[in-house]
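Structure first, commentary second.
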Amino acid sequence: QAALLEAGDDARRELHLTVGAQGARALIFAGKKLREPIAWHGPFVMSTDTEIRTTIAEYQSGAFPPKRVPWDYKRIAARPQL
């Protein structure tokens, strides 16, 4: 399930969860509305179709992403410490 929480009012910036004996998991994303166009293709999200085509070409040539993360994201045990 998904919920959209509006954070425009400081007094309403709370989230309360009540869960059963098995518990629950929640993933919360937060960000500022950019009010920009959105273009996407598969896992790629950019502002224009031109940026999407450029990124796909970079990905196929091995140039994307331009900087690799310093940890092995394919192994659960290699997660960065928070």
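The values are calculated or read from the model by the stated rules, or taken from the named source; none is laboratory data. Here the structure is a predicted model, which means the values were calculated and not measured. FYI the Cβ positions are ideal-geometry reconstructions off the backbone, even for glycines, and counts take in every protein chain you see. For the accessible areas, the whole protein counts, side chains as well, though only heavy atoms, and no ligand, DNA or RNA atoms are used. Shrake-Rupley method; radii C 1.70, N 1.55, O 1.52, S 1.80 Å.
So here's what we get for this one:
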{"read-out": "Residue in segment 63-74 that is surrounded by 10 or more Cβ atoms within 10 Å (Cβ to Cβ) and either at pLDDT 80 or above or closer than 30 Å to Arg13 by Cβ (or both) present", "value": "yes"}
{"read-out": "Scope segment 8-40; condition surrounded by 10 or more Cβ atoms within 10 Å (Cβ to Cβ) and in a loop (DSSP other than H, G, I, E, B); matching residues", "value": "Arg13"}
{"read-out": "Residue list for segment 41-53, filter: open to solvent by 70 Å² or more (accessible area, probe 1.4 Å) and closer than 16 Å to Phe64 by Cα", "value": "His41, Pro43, Val45, Thr50, Glu51, Arg53"}
{"read-out": "Selected residue (criterion: farthest from Leu4 (Cα to Cα)) from residues of segment 43-62 that are at pLDDT 90 or above and in a loop (DSSP other than H, G, I, E, B)", "value": "Thr48"}
